[in-house]
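To start, the structure under review is shown below, and the notes come after it.
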Amino acid sequence: MSFRVKLTLLIAVAIAVTVSGASFALWVVAKHQLLGQVDQTLQQQASVIAHSGGHSPGPLDQTGLYYLSAPDGDTTGQPLLLTNDARAVKPGHVSYLNTTIHGYHFRELAAGLVPTGRLVVAEDLAPTDKALDRIRFWIFLIGGIGVALAAALAAFVAAAALRPIRRLTAAAETVAATGNLSERVAVAGDDELGRLATRFNAMLAVLERSVGAQRRLVADASHELRTPLTAARTNVDLLREGRLPEDEQRHALDETSVELDALTRLVSDLVELARGEERQLRIEDVQLDDLVASVVERAQARAPQVTFVTALSRTQVHADPILLERAVSNLLDNAVKYSPDGARIEVTVRRGEVIVQDHGPGIAAEDLPRVFDRFYRAAAARSKPGAGLGLAIVREAAEAHGGTATAETSSSGTRFRIALPVGA
Ligand code: ATP
Ligand code: MG
């Protein structure tokens, strides 16, 4: 059973129950009202008879005094058969009851007289019954029409209420069938369904962006991987031919080794970036100055041609030490790579910040906003080895910790800054 049919049925049942309840109440009230009128008439007759005593077929102190308001309107006093209920009425009490005598439906008032005897007055119920029949007929007719109308309305309401959901379903089905994430649904209003549509669109947008980013990463990566692979392949082919002189063989092997190193780094950088958001940070209390000191020490050992100058204040952060080390190391690598020999590189740590200032060529203004992009390399840097992933990793690392990575450049060099939240 479709949800629409269910909704229709539920609405229709709710309305039918309401209409039936209201009809029943109406019926009870009408019946009560009409019988009340009859009872009033009976009371008046009873008091007239009790005071006059004249129209009685027998004396008041005998077993009973029976009056009948006959269907023809004659109220002069026909004897009535005493019903058991009328017989049971105690002196000083009055009871009203419905009874059928000789095929006629009557309302009876039975009063127990003091000290003895009974006064029974009856009124024909035929007009009341007829009126009640008519009322019942109309209640059923109007109620029935009401319920039928309600069912039709319910179907209409259900269809209207579910229209936005049908649109969403259609959009979801299109996405599922075509894999086209640029699909969007029209958003109408800001009610629950409007918000659902907005969220649905937002979800598609996020998916589209992330799938796009993945595709670009894969495309860029395969492009970048090709260069060192081709170089290594060429060297291996030359070596296999075996016609190279001894020293050139050595050279080709060295070159191949360098290409394989580049390849290894590239692959590990790519894996790092591809892990992106799903990476689980191993957050711990990290003494930032100690961490930077050890990274600087290693960088200095690898690059004796530059001089690192450090100014490290004690500062602690909550961070993943491995990721953080990698980011700082990338900054130092860049500083070394883009500095002339013999240059100074100043590394400062203070209150959750790591600042790396070099005295290299700086970065052109048009490149500055893009250096943190994956695979972006300024034209000036293309002669140096690298894939353009180092700073992308720096930024991801900083942002994964809720921090920022920024770059400033001046004629005297470039200054990179990683700022992590402190305290907390
Ligand atoms: P990789 O780090 O992947 O080996 P890379 O160093 O070229 O390659 P990034 O570290 O991402 O890539 O840097 C991107 C670009 O920013 C560099 O190609 C270079 O143009 C510029 N850049 C980065 N650091 C400096 C710096 N200290 N001085 C001048 N230019 C820099
Ligand atoms: Mg780099």
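The values are calculated or read from the model by the stated rules, or taken from the named source; none is laboratory data. All figures in this text were calculated on a predicted structure; none of them were measured in a lab. Quick reminder, even Gly has a Cβ in these numbers, built from the backbone with ideal geometry, and neighbours come from all protein chains shown. To get the accessible areas, we keep the full protein, side chains included, count just its heavy atoms, and leave off ligands, DNA and RNA. Shrake-Rupley method; radii C 1.70, N 1.55, O 1.52, S 1.80 Å.
From the list Gln44, Gln33, Gln40, Gln62, the one residue that fits, being out of contact with any Ser or Thr (no Cβ under 6 Å at 6 or more places or on another chain), polar (S, T, N, Q) and at pLDDT below 65, is Gln62.
Yes or no: the range 356-365 includes at least one residue that is of a type outside the set (Asp, Glu) and away from ligand 1 (no atom under 11 Å from the Cβ). Yes, because at least one residue in the range 356-365 is of a type outside the set (Asp, Glu) and away from ligand 1 (no atom under 11 Å from the Cβ). Scanning the range 296-332 for residues being closer than 16 Å to Phe416 by Cα and either without any contact (Cβ under 8 Å) to a residue 12 or more places away in the chain or under 46 Å from the mean Cα position of the chain (by Cα) (or both) gives a total of 9.
Across the range 400-424, the qualifying residues are those that are among the small types (Gly, Ala, Ser) and within 9 Å of ligand 1 (Cβ to nearest atom), and the one among them that is modelled with the lowest pLDDT is Gly413. Of all residues in the range 264-282, those that are closer than 17 Å to Arg374 by Cα have Cβ atoms under 6 Å from Cβ atoms of residues that are outside any helix (DSSP H, G or I), 6 or more apart or on another chain, in Leu266/Ala387; Asp269/Leu389. Within the range 167-213, the set of residues being touching a residue at least 24 places away in the same chain (Cβ under 8 Å) and polar (S, T, N, Q) comprises Ser182 only.
Per-residue answers, yes or no, for (1) open to solvent by less than 70 Å² (accessible area, probe 1.4 Å); (2) under 16 Å from Arg167 (Cβ atoms); (3) assigned to a helix (DSSP H, G or I):
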residue: Leu181; (1), (2), (3): yes, no, no
residue: Val185; (1), (2), (3): yes, yes, no
residue: Leu193; (1), (2), (3): yes, yes, yes
residue: Ala197; (1), (2), (3): yes, yes, yes
residue: Arg209; (1), (2), (3): no, no, yes
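Residues in the range 313-328 include none that are open to solvent by less than 20 Å² (accessible area, probe 1.4 Å) and touching a Ser or Thr at 6+ places or on another chain (Cβ under 9 Å).
Among Ala171, Ala152, which is open to solvent by 50 Å² or more (accessible area, probe 1.4 Å) and assigned to a helix (DSSP H, G or I)? Answer to the selection: Ala152.
For Leu162, are the conditions met, namely being farther than 30 Å from Gln44 by Cβ, part of a helix (DSSP H, G or I) and open to solvent by less than 60 Å² (accessible area, probe 1.4 Å)? Taking the combined requirement at face value, the residue satisfies it. Would the range 294-305 turn up any residue that is surrounded by fewer than 17 Cβ atoms within 10 Å (Cβ to Cβ), within 19 Å of Ile363 (Cβ to Cβ) and more than 16 Å from ligand 2 (Cβ to nearest atom)? Scanning the range 294-305, I find no residue that is surrounded by fewer than 17 Cβ atoms within 10 Å (Cβ to Cβ), within 19 Å of Ile363 (Cβ to Cβ) and more than 16 Å from ligand 2 (Cβ to nearest atom), so the answer is no.
Results for (1) more than 9 Å from ligand 1 (Cβ to nearest atom); (2) open to solvent by 60 Å² or more (accessible area, probe 1.4 Å), shown as yes or no for each residue.
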site	(1), (2)
Glu346	yes, no
Asp367	no, no
Ala380	no, yes
Gly390	no, no
Ala398	yes, no
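Return a yes/no flag: does the range 351-363 have any residue that is outside any loop (DSSP other than H, G, I, E, B), closer than 15 Å to Asp220 by Cβ, away from ligand 2 (no atom under 11 Å from the Cβ) and of a type in the set (D, E, K, R). Scanning the range 351-363, I find no residue that is outside any loop (DSSP other than H, G, I, E, B), closer than 15 Å to Asp220 by Cβ, away from ligand 2 (no atom under 11 Å from the Cβ) and of a type in the set (D, E, K, R), so the answer is no.
Residues that are more than 15 Å from ligand 2 (Cβ to nearest atom), in contact with a strand residue (DSSP E or B) (Cβ under 9 Å, 6 or more places away or on another chain), in a loop (DSSP other than H, G, I, E, B) and not β-branched (Val, Ile, Thr) are absent from the range 369-381. Per the listing Asp285, Asp261, Asp254, Asp247, the residue uniquely exposed (fewer than 13 other Cβ atoms within 10 Å of the Cβ) and within 16 Å of ligand 2 (Cβ to nearest atom) is Asp261. Restricting the range 269-282 to residues that are over 21 Å from Glu353 (Cβ atoms) and open to solvent by 50 Å² or more (accessible area, probe 1.4 Å), the residue that is modelled with the highest pLDDT is Arg282.
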